[in-house]
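Novice: Would you mind keeping the following structure in view while I ask a few things?
Readers should treat all values here as calculations from the given coordinates under stated rules, not as data from a laboratory. Predicted, not measured: the structure shown is a model, and the values here were computed from it. Methodologically, a virtual Cβ is constructed for each residue, glycine included, from the backbone with ideal geometry; neighbour enumeration extends over all protein chains shown.
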Amino acid sequence: MYILQVAALCATFSSLASAHGYLKYIEHAGKRYEAWQVGSDEYLTTVPTRYARRIKDMGPVADFTTKDITCNQGGNLPATGIIDVKAGDKVTLIWDQWGSSHSGPVMNYLAKCSPDCSTFKGDTGNVWVKIDQVSYDKSKATPWGSDCLAKNGAKWTVTIPPTIANGEYLLRHEILGLHVAGTRMGAQFYPSCTQIRVTGGGSENPTGIALPGSYNPDDKEGILTELWRIQQGQINYTAPGGPVWKGSVPNTMQC
């Protein structure tokens, strides 16, 4: 009996771990760029060029009211590489894996690096502009954004707004898992920050939200909520972080 209990417990932990994940690659214009490689890069004396900031592990941000929510629990250290992107281009974010049991919205933000991404952290001020979001749509066969990501091979494609001003930016890509969000601070945020340089843009420099600061652990519409109640139609769901910026391009991913 004891052996069976241990085996069942191990299987449960294995299932939970397999549902976690991290941003592994970024694709743009037919080229693949490596993000921080969790489980290997931290052991290298000299890390090869990476285009997304360091992530500590595959788990969620433990306390999303702290500065860890900005770019994850990796110290928010500047990456050594930056991806050149034209305004209006598509960028694909590729995870190592993602389990559909961790349902919730997928959100993408831009923060303009000032003066550039070598020193900018984005952990103060209303600098994060939401440019893309797929939350919950009960009319779809795959209603949650994160499940759509999983269905598309753990990939997500976002369009850089065509009128955004030129410059260096952090592209913050995030999944919010709501499977244990009914408990305060139980919501699981998985953010990552990729460094990009935008050219061919317009003159728009929109104001955004602050991260940390804008994710309220007592937000009963988007964070402190129960997944099953949403899916049964008992309550409506509104993702945190406010609306998508009006200058953004609607997401057209098929789910």
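Novice: Need one number for the chain: average projected area of the convex hull over its C-alpha atoms, nm².
Specialist: Approximately 14.9 nm², given one-decimal rounding.
Novice: Another question, if that's okay. Mind scanning 24/246; 121/246; 24/56; 121/220; 112/246; 90/155 and naming the pairs with a C-alpha gap bigger than 19 Å?
Specialist: Checking Cα-Cα distances, 24/246; 121/246; 121/220 exceed 19 Å.
Novice: Let me ask something additional. Return one number: the angle in degrees, 0 to 90 and rounded to the nearest 10, between the long axis of the Cα atoms of helix 2-19 and the longest principal axis of the Cα atoms of the chain.
Specialist: The angle comes out near 20 degrees.
Novice: Give the shape of region 84-126 as rounded, prolate or oblate, defined through the alpha-carbon gyration tensor: a ≥ b ≥ c are the square roots of its eigenvalues, a/c under 1.5 means rounded, and otherwise the shape is prolate if a/b is larger than b/c and oblate if not.
Specialist: It comes out prolate by the Cα gyration axes.
Novice: Starting from the Cα of residue 114, step 7 Å along the direction of its Cβ; do the same at residue 165; then give the gap between the two resulting points in nm.
Specialist: 0.8 nm
Novice: Follow-up question, since we're still on this one. With the contact rule set at Cα under 8 Å and sequence spacing of 6 or more, what percent relative contact order holds for the chain?
Specialist: 22 percent
Novice: Where the centre of each part is set by its Cα atoms, how far does region 168-232 sit from region 41-93, in angstrom?
Specialist: If we compute the Cα centre of each part, the gap is 15 Å.
Novice: Using 0.36 nm per residue of separation minus the Cα-Cα distance, give me the extension gain between residue 140 and residue 97 in nm, one decimal.
Specialist: This chain segment gains 13.2 nm when fully extended.
Novice: Where in region 100-126 is the amide nitrogen less than 14 Å from a point lying 7 Å along the Cα-to-Cβ axis of residue 207?
Specialist: Zone members listed by number: 125-126.
Novice: Identify all aspartates and glutamates with a Cα-Cα distance to residue 31 below 18 Å; exclude those on the same chain that are fewer than 8 residues away in sequence.
Specialist: List returned: 84, 89, 96.
Novice: How many nm is it between the label spots at residue 221 and residue 90, if each spot is 7 Å from the Cα in line with the beta carbon?
Specialist: 3.1 nm
Novice: List 107, 253 from most exposed to least, where exposure is judged by having the fewest other Cβ atoms within 10 Å.
Specialist: 253, 107
Novice: If you don't mind, there's one more thing I want to ask. Percent relative contact order of region 26-152, based on C-alpha pairs within less than 8 angstrom and at least six residues apart?
Specialist: Contact order relative to length: 21 percent.
Novice: Also, I was wondering about something else. Antiparallel versus total DSSP beta bridges in the chain: what percent is that, nearest 5?
Specialist: Antiparallel: roughly 85 percent of the beta bridges in the chain.
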